[in-house]
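In what follows, a structure is listed as structure tokens, so that the remarks can point back to it.
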Amino acid sequence: MALAVAGLFLSIIAVNHKTMKVKIGDAVFDMDVATTMGQKTKGLAGRLDLADTRGMIFLFDEYGNHGFWMAGMKIPIDILWIKDDVIVGIEPNVPFQSTEQYYPPQPVNRVIELKAGIAAQKGIKIGDIVHLQ
């Protein structure tokens, strides 16, 4: 019964995402956009791989210490904490089996998840400007 309920829950929140291009420095990413509670709850959970040029951006209506966890994740990620258009924190190489919750260093209104190691590979750092296209 619990599996059926969990499956039903995941199917309800498994919705199609809008996409947008995001540019950070010279790097351009195709991002799935998470704006609804269902999209934010599911995030990248269940994905078996993520291309170097793909990711997910979470857009929040209010600034907050939005916590992220790795429930259902099958790949490690980098988490970029963004206030308006500026990266204010980076959580690199978050392991997919982690049971921790991760929080930004200050209230943010955007969060980006990328494949683990991509932030370092692309030279993305705190203070970089994030351009939504």
Meets criteria (loosely packed, with under 14 Cβ neighbours inside 10 Å, under 23 Å from Lys18 (Cβ atoms) and touching an Asp or Glu at 6+ places or on another chain (Cβ under 6 Å)) for Ile129: yes
Of all residues making up the range 41-58, the number that are in contact with a helix residue (DSSP H, G or I) (Cβ under 9 Å, 6 or more places away or on another chain) and among the charged types (D, E, K, R): 2
Number of the exception - Asn93 against (1) farther than 23 Å from Gln106 by Cβ; (2) polar (S, T, N, Q); (3) touching an Asp or Glu at 6+ places or on another chain (Cβ under 7 Å): (1)
From the options Asp49, Asp32, residue that is buried (at least 17 other Cβ atoms within 10 Å of the Cβ), out of contact with any Phe, Trp or Tyr (no Cβ under 9 Å at 6 or more places or on another chain) and modelled with pLDDT of 90 or more: Asp32
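Residue-wise test of (1) crowded, with 19+ Cβ neighbours inside 10 Å; (2) without any contact (Cβ under 8 Å) to a residue 24 or more places away in the chain.
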position: Asp61; (1), (2): no, no
position: His66; (1), (2): no, no
position: Trp69; (1), (2): no, no
position: Asp78; (1), (2): yes, no
position: Asp84; (1), (2): no, no
position: Glu91; (1), (2): yes, yes
position: Gln97; (1), (2): no, no
position: Gln101; (1), (2): no, no
position: Pro105; (1), (2): no, no
Unique residue being more than 19 Å from Gly127 (Cα to Cα), at pLDDT 95 or above, surrounded by 15 or more Cβ atoms within 10 Å (Cβ to Cβ) and of a type outside the set (Asp, Glu) when the list is Met20, Met56, Met73: Met56
Matching residues in the range 66-104 - criterion: being among the hydrophobic types (A, V, I, L, M, F, W, C), assigned to a loop (DSSP other than H, G, I, E, B) and over 17 Å from Arg54 (Cβ atoms): Met70, Ala71
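The values are calculated or read from the model by the stated rules, or taken from the named source; none is laboratory data. Values in this document were obtained by computation on a predicted structure and should not be read as measured data. Glycine gets a Cβ as well: all are built from the backbone with ideal geometry, and neighbour counts include every protein chain shown.
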